[in-house]
Amino acid sequence: MLPVGPVGPGASPYSSPSTFAGNPLLIAPAPLVESGLLEEEELAPLTDLPDDHVDYERLVPRKRTVLRTAFRRFQEDASTIDATRFKKFRETQSAWLDEYALYAALKEAHDGAPWTDWTPALAHCEPDALQRAREEHAESIRKHIFWQYLFHRQWTALQAYCRARDIRLFGDLPIYVAHDSADVWAHQELFHLDDTGEPSVVAGVPPDYFSPEGQRWGNPIYRWDRMKEHGYAWWTERLRRAFEQFDLVRLDHFRGFDEYWQIPADQSTAIKGEWRDGPGAHFLRAMEDEFGTLPVVAEDLGIITDSVKDLRDQFALPGMAVLQFAFGGSPENNFLPHNYRRNLVVYTGTHDNNTTVGWWRNDLSDEGRAFARSYLNLPEPVADEEVHRHAIRAIMASVADRVVIPLQDIMGLGSEGRMNTPGTLEENWTWRFTPDQIAEEDAEVLKEFTHLYGRASSYD
């Protein structure tokens with residue numbers, strides 16, 4: 001799954017205002033009707049929204065209106081939810097919940113302005129100013145806590161449903177957090193910031209063959225020295241939250257734990273950055289001491305050094321391979337299935353790739369297409385809608401312990417099903433499916449491959 005926190009600019013789940021909170025837009029309204037928090041007719045604003053994509057411009061104000069109605073009804077009659085569970089949720093999640101709710105209430109009160117534009121006392125979290133804000137915005141704070149409780153209640157119901165069917169959830173955790181977030185605002189001492197709260201250095205990756213200016217992501221960079229002094233307490237809570245929500249977690253940009261590219265904030269590109277040492281084995285050992293064997297997958301795509309591989313292997317973390325990256329013409333390519341190792345998670349493509357059918361139609365060179373046709377044993381001519389099944393079979397038949405197949409590839413969708421195109425801001429993160437789009441034939445093919453290659457937990 002993509003990160004399930006509140007989405008940030010451009011509806012990206014990778015620029016969230018909180019790495020701990022759940023996305024209120026994901027709260028299903030029907031259970032709120034069943035519990036008496038909403039009336040059926042109060043869902044009317046949501047009924048004419050599109051089914052095949054997310055129209056955020058229309059969805060956000062309408063969904064917030066519906067959720068505000070649910071909160072108002074809760075305020076009028078708190079018996080609409082289980083008071084004991086609500087209290088327990090507030091207590092167990094207080095390490096992040098209180099600061100997030102205050103941040104969200106203040107951001108609302110400032111018409112969405114970033115926290116660096118708030119009054120200096122609030123921007124710098126002066127205790128007296130925060131206490132006054134808690135009193136002034138008490139109802140808004142309670143509203144955001146209530147919405148998080150609704151998300152929590154539905155998420156735990158989903159987890160229970162899955163566990164009863166031997167289904168585990170695999171989530172994603174970006175290495176960095178957004179500057180305009182409760183995470184940075186409430187813990188400014190843990191980030192490289194200047195006196196005004198703006199980043200002094202930012203994250204990214206250096207120039208390479210594909211990107212001559214590199215990539216300037218703009219996220220603030222951790223003060224790993226201070227993280228270490230605090231016993232990595234913030235990261236411990238971050239992983240604890242992730243492990244509560246998911247059974248397995250992908251650590252995005254794993255290389256950054258070994259070395260990270262640090263760019264002066266006044267630079268518009270990543271060219272003038274420099275490599276700095278990450279927290280490395282000391283950090284991962286501390287996390288193992290806290291959690292035991294880490295249920296973590298290392299996202300080790302891109303240019304990976306031997307030291308990154310050594311760090312990954314020291315903690316026996318599975319790495320990643322993407323089939324779409326395999327067809328550069330050499331049989332030694334590590335992403336070709338015959339070169340896989342067992343401790344690996346293999347994808348036909350990720351959220352940043354085209355769908356397999358879209359890739360076949362639009363992204364391959366003539367040389368790559370010929371190699372892929374031969375390697376995947378594609379018939380001549382091959383129908384576009386068959387390519388995804390050959391790709392799925394190739395990774396299913398490999399020795400890799402785990403495979404990930406995006407739903408778009410199971411369904412054989414073209415580029416219309418792409419989730420994200422890196423480096424662009426328009427038309428990303430909006431794809432949706434409806435249950436009627438999943439053909440019985442697709443399910444049967446997946447079932448056949450799952451059993452054929454021994455990837456089922458049982459064979460009843």
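Can you list, bin by bin at 10 Å, the percent of alpha carbon pairs in segment 1-159, starting at 0?
Final binned percentages: 10, 37, 37, 15, 1.
If you plug each phi of segment 70-77 into the Karplus form 6.51 cos²θ - 1.76 cosθ + 1.60 with θ = phi - 60°, what whole-Hz ³J(HN,Hα) values come out, in order, with x for Gly and Pro?
4, 5, 4, 5, 4, 4, 6, 8
Multiplying the sequence separation of Ala443 and His110 by 0.36 nm and subtracting their Cα-Cα distance, what value in nm do you get?
Details: separation 333, 0.36 × 333 = 119.88 nm, distance 4.85 nm.
Computed gain between Ala443 and His110 is 115.0 nm.
With the Cα gyration tensor of segment 89-211 giving a ≥ b ≥ c as the square roots of its eigenvalues, does the rule (a/c under 1.5 for rounded; else a/b larger than b/c for prolate; else oblate) give rounded, prolate or oblate? Please report the intermediate quantities before stating the final value.
Numbers: a/c = 2.65, a/b = 1.13, b/c = 2.35.
Note, shape of segment 89-211 comes out oblate.
Short version: ³J(HN,Hα) in whole Hz for each residue of segment 84-95, in order, from phi by Karplus 6.51 cos²θ - 1.76 cosθ + 1.60 (θ = phi - 60°), x for Gly and Pro, what are they?
5, 5, 4, 5, 5, 4, 4, 6, 6, 9, 5, 4
How much length would be gained if the chain were fully extended between Asp363 and Cys162, taking 0.36 nm per residue of separation minus their Cα-Cα distance, in nm to one decimal?
Working: separation 201, 0.36 × 201 = 72.36 nm, distance 3.59 nm.
Computed gain between Asp363 and Cys162 is 68.8 nm.
Suppose we take every Cα in segment 137-181 and form the convex hull; what volume per residue is that in Å³?
Working: hull volume 3.2 nm³, N = 45.
Dividing the Cα hull volume of segment 137-181 by its residue count gives 72 Å³.
Amide H neighbours of Gly171 under 5 Å, at least 5 residues apart or on other chains, H built in the peptide plane: list them.
Placed amide hydrogens put Asp247, Leu248, Val249, Arg250 under 5 Å from Gly171.
Tell me which residues come under 5 Å, amide H to amide H, from Val322 once H is placed; ignore anything under 5 positions away on its chain.
Tyr347
Quick query: amide H of Arg402 versus all other amide H atoms, modeled in the peptide plane; which residues come in under 5 Å with a sequence gap of 5 or more or a different chain?
The answer is Leu344, Val346.
Assign unit charges at the C-beta atoms only (+1 for Lys and Arg, -1 for Asp and Glu), then state the dipole size of the chain relative to its Cα centre in Debye, rounded to the nearest 20.
Values: 46 positive and 74 negative charges, 208 e Å.
With Lys and Arg at +1 and Asp and Glu at -1, about 1000 debye.
Under 23 Å between alpha carbons, and skipping anything fewer than 8 positions from Lys143 in its own chain: which lysines qualify?
Lys63, Lys87, Lys88, Lys107
For His53 paired with Glu426, estimate the spin-label separation in nm (one decimal), with each label point 7 Å from Cα along the Cα-to-Cβ line.
1.1
In deg cm²/dmol and to the nearest 500, what is the mean residue ellipticity at 222 nm of the chain if only DSSP H runs of at least 4 residues count, each as -39500 (n - 2.57), divided by the residue total?
Details: 17 runs with 185 residues, N = 460.
My calculation for the chain gives -12000 deg cm²/dmol from helical runs alone.
Work out, step by step, the length gained on full extension between Glu385 and Arg455: first 0.36 nm times the residue separation, then minus their alpha carbon distance; give nm to one decimal.
Details: separation 70, 0.36 × 70 = 25.20 nm, distance 2.40 nm.
Result for the pair: 22.8 nm of gain on full extension.
Taking neighbour counts of Cβ atoms within 10 Å as a proxy for exposure, in what order, fewest first, do Glu42, Glu426, Glu416 appear? Mind showing how you got there, number by number?
Numbers: Glu42 17, Glu426 7, Glu416 12.
Fewest-to-most ranking of Glu42, Glu426, Glu416: Glu426, Glu416, Glu42.
Provide Ser35, Ser79 in ascending order of the number of other Cβ atoms located within 10 Å of each residue's Cβ, fewest first. Let's see the in-between values first.
Details: Ser35 15, Ser79 8.
Least to most surrounded, the residues fall as Ser79, Ser35.
May I ask you to evaluate 6.51 cos²θ - 1.76 cosθ + 1.60, the Karplus curve with θ = phi - 60°, for each residue of segment 100-105 and list the ³J(HN,Hα) values in order in whole Hz, giving x for glycine and proline?
Values, residue by residue: 5, 5, 5, 4, 4, 5 Hz.
Taking a ≥ b ≥ c as the square roots of the Cα gyration tensor eigenvalues, with a/c under 1.5 meaning rounded and otherwise prolate when a/b beats b/c, else oblate, which class fits segment 347-460?
Details: a/c = 1.69, a/b = 1.19, b/c = 1.42.
Oblate, since a/c reaches 1.5 and b/c is not below a/b.
Cross-link candidates for Lys272: which lysines have Cα within less than 16 Å, leaving aside residues fewer than 8 places away along the same chain?
none
Please state the shape class of segment 282-440: rounded when a/c is under 1.5, otherwise prolate if a/b exceeds b/c and oblate if not, all from the C-alpha gyration tensor.
Working: a/c = 1.95, a/b = 1.48, b/c = 1.32.
The shape class here is prolate.
Rule-based calculations on the coordinates, nothing more; no lab input. All figures in this text were calculated on a predicted structure; none of them were measured in a lab. Cβ atoms come from the backbone with ideal geometry, glycine included; neighbour counts cover every protein chain shown.
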